[in-house]
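Working notes, structure below.
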Amino acid sequence: MANLKEVRNRITSVSSTQQITKAMKMVSAAKLKRATNAILQLRPYANKLRDILADVSASVEGSNSPFTVDREPNKVLIVVVSSNRGLAGAFNANVIKTTNNLIFNKYAEQHAKGNLSIIGIGKKGYDFYSKRSFNVIANHSDLFSDLNFGSVSLVTEFIMEQFKEGNFDRVEVVYNQFKNAAVQELTAEQILPLLPPAEENIQHTHKAKIEAEVDYIIEPSKEKIIEELIPKAIKIQLYKAVLDSNASEHGARMTAMDKATENAGDLLKSLKLSYNQARQAAITTELTEIVSGAAALSNG
């Protein structure tokens, strides 16, 4: 009987857990829809802005922008974009793993000298590095409570100002790039100094100009437009990273909760089978005892 009660309690416990994971999956699915719409709407704008910047800057000799100055990376800042909550599979663990690879491989010298700083966007990444011997200078976990371009821009402006003043020579952001609900691609991306267009992009742009001549009407000047576009491009780059991470988080949590619900179902089947077997064994034992008792009375 004690064994039956124990199995029955486990069945109740697993059933309750299954209801919770199923509800969390549904909530994540609803949030994923909104987050996916946000990132899919931003990507064409971000890509077009990058193309325009590449087209215009290709016809201008150099740039006077302080955000394109490529200095020796003596002082480095890494922006770690994680989530505020867990139960999302390996989502946060992978971000931390990728960041650690950057710190201990690419920027090991800067870290050893104490010239590596971290900004946390998301509680999980911030908690991990703040509890260890890392120079964490800011925490922006509150961004996800009301995610918008304005709030992320404030963070970007602070980073840009620090870079402009020479407090950092290089800034990289680590985040999960959203592919679909089941696939998130870990990305480490340099946001400062702003990288020049890749060679293949220049070739693609040149080819496009040959096929269809693109002529921008620019006022007041190309140089002035570039100076305006560069800060905008940097802000869009970080905002896109945060939106990507937000969509990836909900996708990862939905997938994890779906798998947990399935596992709970499998466990329930196993527990119910064990319960029925134990109950059948208990009934058989009782019947045997009754028959044995009746036989003893009749013989007496």
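The values are calculated or read from the model by the stated rules, or taken from the named source; none is laboratory data. Predicted model only: the values in this text are computed from it and were never measured. Reconstructed Cβ throughout: ideal geometry from the backbone, glycine too, with neighbour counts over all protein chains shown. Each accessible area value is taken on the protein alone, full model and side chains, heavy atoms only, with ligands, DNA and RNA left out. Shrake-Rupley method; radii C 1.70, N 1.55, O 1.52, S 1.80 Å.
What region 52-175 shows is 47 Å² of accessible area per residue, with the surface traced by a 1.4 Å probe over protein heavy atoms. Each peptide in 141-152, 67-78 receives the mean, over its residues, of other Cβ atoms within 10 Å, and ordering these scores from highest gives 67-78, 141-152. Per-atom-type breakdown for the chain gives carbon and sulfur 53% of the accessible area (1.4 Å probe, protein chains only). Taking the Kirkwood radius as Rh and the Cα radius of gyration as Rg, region 32-137 has a ratio of Rg/Rh equal to 1.06. Here the chain is treated as an ellipsoid with the same Cα gyration tensor; its semi-axes, largest first and in whole Å, are 59, 22, 14. Within region 1-51, the proportion of Cα pairs with more than 12 Å between them is 74 percent. Take every DSSP beta bridge whose two residues both sit in the chain; close to 40 percent of them are antiparallel. Overall dimensions of region 96-182, expressed as equivalent-ellipsoid semi-axes from the Cα gyration tensor (√(5λ), whole Å, largest first), are 22, 18, 13. Can you list the lysines whose alpha carbon sits under 19 Å from that of Lys164, skipping same-chain ones fewer than 8 residues off? Partners found: Lys75, Lys224, Lys232, Lys235.
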